[in-house]
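Undergrad: Have a look at this one before I ask anything.
The values are calculated or read from the model by the stated rules, or taken from the named source; none is laboratory data. Here the structure is a predicted model, which means the values were calculated and not measured. Every residue, glycine among them, receives a Cβ derived from its backbone with ideal geometry; neighbour counts consider all protein chains shown.
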């Protein structure tokens, strides 16, 4: 039995600048944090030898790799020559809620398969391989931030270069700064699940049309770079950065926000939050807020119809937590 654990992520600034039709012309950047909410994948030899049993949101018992319905599992099992296994997936939060669960699944599956085959692959290489699987081989219209944010662990400034390379740098916080960041953040679950693909396709089309969308995305990448330095000096600066980035992001596409999201956002700011954003591509999922000076409880009370969740930093990234 082998078990991989891969963190989900929250993105503070720069979301959307990791799409290839933007960063290949202008370069992109995000400030991203791995969080202590996880996707767990396990695998061991299938009792019956031939075929597979695959347990995720569905149950599959295909007799061959080509018959696997789950596209990511089929692609990764095929590329790694995986045969005759019992596979199981579980996660701390539902998929489609803006925390990068699909890419966390892909990163964790690659880590799991390599460990099953007795191979070690570094976290940055796992992220690059996950990008290749999702974007190049499966043709998903997504960016690269989730794969790196979930694989590496910690709080990172990640840059996407016109030549398709990706570099990253940890943002060094003291223990006190880290505790302050965690204590002042809260996620509230709005409900609903959605695939990011349709929203991101719309955003990609807006990028191709140029104009103010390009200007907003350039500003969002510059925000991520500026926040990297400012956060070290003053953690409370995060709230205004989140607010500016959210106002820019919601202008990109009509599908990003909705009246109930705008209403919840306004109530949180009235209760003391200094900024926030909807996590992920948009439309549903989690709202993230920064609540300084002890306002966190007031924000939760103002949005008491939505379940609150702590935000804790994961420093490890994707890892094998059990192998026997």
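Undergrad: Here are some conditions: (1) touching a helix residue (DSSP H, G or I) at 6+ places or on another chain (Cβ under 9 Å); (2) surrounded by 14 or more Cβ atoms within 10 Å (Cβ to Cβ); (3) at pLDDT 95 or above; (4) within 24 Å of residue 315 (Cα to Cα). Residue 95 meets all but one. Which one does it not meet?
TA: (3)
Undergrad: Exactly one condition in (1) in contact with a helix residue (DSSP H, G or I) (Cβ under 9 Å, 6 or more places away or on another chain); (2) at pLDDT 95 or above is not met by residue 283; state its number.
TA: The single condition residue 283 does not satisfy is (2).
Undergrad: Sticking with this one: May I ask you to verify whether residue 30 is buried (at least 16 other Cβ atoms within 10 Å of the Cβ), in a loop (DSSP other than H, G, I, E, B) and in contact with a strand residue (DSSP E or B) (Cβ under 7 Å, 6 or more places away or on another chain)?
TA: no
Undergrad: Can you name the residue in segment 255-268 that is free of Cβ contacts under 8 Å to residues at least 24 places away in the same chain and surrounded by fewer than 21 Cβ atoms within 10 Å (Cβ to Cβ) and, of all such residues, is nearest to the chain's Cα centre (by Cα)?
TA: Step by step, filter segment 255-268, then rank; the result is 262.
Undergrad: Return the total of residues in segment 228-249 being assigned to a helix (DSSP H, G or I), farther than 15 Å from residue 14 by Cβ and without any contact (Cβ under 8 Å) to a residue 12 or more places away in the chain.
TA: Matching residues across segment 228-249 total 2.
Undergrad: Determine whether segment 33-43 contains at least one residue that is part of a loop (DSSP other than H, G, I, E, B), touching a residue at least 12 places away in the same chain (Cβ under 8 Å) and closer than 21 Å to residue 166 by Cα.
TA: The answer is no, given that none of the residues of segment 33-43 is part of a loop (DSSP other than H, G, I, E, B), touching a residue at least 12 places away in the same chain (Cβ under 8 Å) and closer than 21 Å to residue 166 by Cα.
Undergrad: Listed residues 187, 220; which is outside any helix (DSSP H, G or I) and either in contact with a helix residue (DSSP H, G or I) (Cβ under 6 Å, 6 or more places away or on another chain) or at pLDDT 95 or above (or both)?
TA: Answer to the check: 187.
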